[in-house]
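Report on the following structure.
The values are calculated or read from the model by the stated rules, or taken from the named source; none is laboratory data. Fair warning: this is a prediction, and the values are worked out from it, not measured in the lab. Every residue, glycine among them, receives a Cβ derived from its backbone with ideal geometry; neighbour counts consider all protein chains shown. When the accessible area is computed, the model is the full protein with side chains, heavy atoms only, and any ligands, DNA or RNA have been set aside. Shrake-Rupley method; radii C 1.70, N 1.55, O 1.52, S 1.80 Å.
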Amino acid sequence: MPDTSAIATVILNWNGRDTTLTCVQTLLDCGQSAASVIVVDNGSTDDSVAALRARFPSLTVLAAGENLGFARGNNLGVRHALSTLAPELIFLLNNDAFINTDTLPRLHAALALDAQAGAAVPKIYFGDGRRLWYAGGHMDWGIGTGVHQHKGASDHGQADTAGVVDFAPGCALLLRREVIEPAGVFDERYFFMGEDVDLSLRLTRAGRPLRYVPGATVVHQVGASSSRQGQPFIWYHMTRNRLLTVSKHATPGQKLRFFSYWPLLWAFKAGQFALAGNPAIAQAIGRGVRDFQRGTFGRG
């Protein structure tokens with residue numbers, strides 16, 4: 001397998017000191033150089049920056065000083081990597097995702113075999129290391145987002161065929177430099193959720209397919225960061241950002257499918273939350289629709 005010396009890894013941290021320390025250590029244990037790893041800290045208040053710098057002196061820690069969100073934070077790290085390290089490939093890795101020794105070499109090998117491919121994505125497990133979180137993905141225009149195939153299922157080899165996918169999550173994604181440089185990695189209007197769907201669609205429509213590599217595996221402690229944000233925050237961004245994705249990418253037929261289904265579903269969801277004594281979530285859904293219509297993006 002090819003070496004991974006031309007790869008720069010970008011990790012985003014927000015008040016996840018211990019998890020991020022473990023993530024970085026896992027990378028180093030797998031052969032990555034600390035000098036090729038960039039951690040972007042989104043204004044943490046848990047002493048993350050000092051802890052990372054003390055334990056890994058060769059690591060680059062970019063202290064943003066505020067919560068830039070997933071899209072802007074990763075973009076900051078990627079731009080720094082491109083300008084200072086000049087890597088051939090960028091590996092985006094969630095701070096709560098942990099690779100194996102052969103993960104990066106296998107992803108790298110898949111790109112080496114397909115010159116047109118823009119990115120490679122591994123098979124990703126939930127934190128228990130047995131249930132599948134991502135094992136291929138496709139777009140569902142009825143709900144306006146990417147769907148994880150086999151999510152929640154035990155792995156019995158049902159998703160072991162490599163191939164091209166329509167959607168790849170940003171949790172663990174190896175990207176070629178040339179597909180990043182023209183327009184950047186993520187659309188920063190998303191702030192949180194949906195930015196990887198947008199990126200997947202942009203790459204695919206530019207003729208740079210996404211390769212799913214089941215031989216490369218990652219374990220993901222799902223929700224370690226998002227759970228701290230709260231449910232209204234999640235539902236607000238989910239609502240607004242799916243509307244943004246549909247407005248950017250859907251064909252007339254796909255828009256018809258979305259708007260024939262989604263408003264009814266989400267009105268029902270909002271009613272359910274309100275009746276269950278969770279009016280904040282129902283209100284967040286309404287604010288998501290309103291802010292999309294107003295063109296108000298960023299942190300909600």
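What are the residues in the stretch 242-300 that are open to solvent by 70 Å² or more (accessible area, probe 1.4 Å) and closer than 27 Å to LEU68 by Cα, if any? Within the stretch 242-300, LYS248, GLN283, ARG287, ARG290, GLN293, ARG294, ARG299 meet the criteria. For ASP166, the criteria (1) in contact with a Ser or Thr (Cβ under 8 Å, 6 or more places away or on another chain); (2) within 17 Å of LEU203 (Cα to Cα); (3) open to solvent by less than 60 Å² (accessible area, probe 1.4 Å) hold in every case but one, which is (3).
I'd like the full set of residues that are open to solvent by 30 Å² or more (accessible area, probe 1.4 Å), in contact with a Leu (Cβ under 8 Å, 6 or more places away or on another chain) and β-branched (Val, Ile, Thr), limited to the stretch 119-163. ILE143, the sole residue that qualifies. Apart from one condition, SER83 fits all of (1) under 30 Å from LEU113 (Cβ atoms); (2) touching a residue at least 12 places away in the same chain (Cβ under 8 Å); (3) in a helix (DSSP H, G or I); the exception is (2). Hey, could you check the stretch 138-156 for residues that are touching a residue at least 60 places away in the same chain (Cβ under 8 Å) and assigned to a strand (DSSP E or B) and say which is farthest from the chain's Cα centre (by Cα)? By that ranking, first place goes to MET139.
Among the conditions (1) over 16 Å from LEU199 (Cα atoms); (2) of a type in the set (Gly, Ala, Ser); (3) in a loop (DSSP other than H, G, I, E, B), GLY170 misses just one, which is (1). Taking every residue in the stretch 117-135 that is at positive phi and pairing it with any residue that is buried (at least 17 other Cβ atoms within 10 Å of the Cβ) and hydroxyl-bearing (Ser, Thr, Tyr), at least 6 positions away or on another chain, the pairs with Cβ-Cβ distances below 9 Å are GLY129/THR217.
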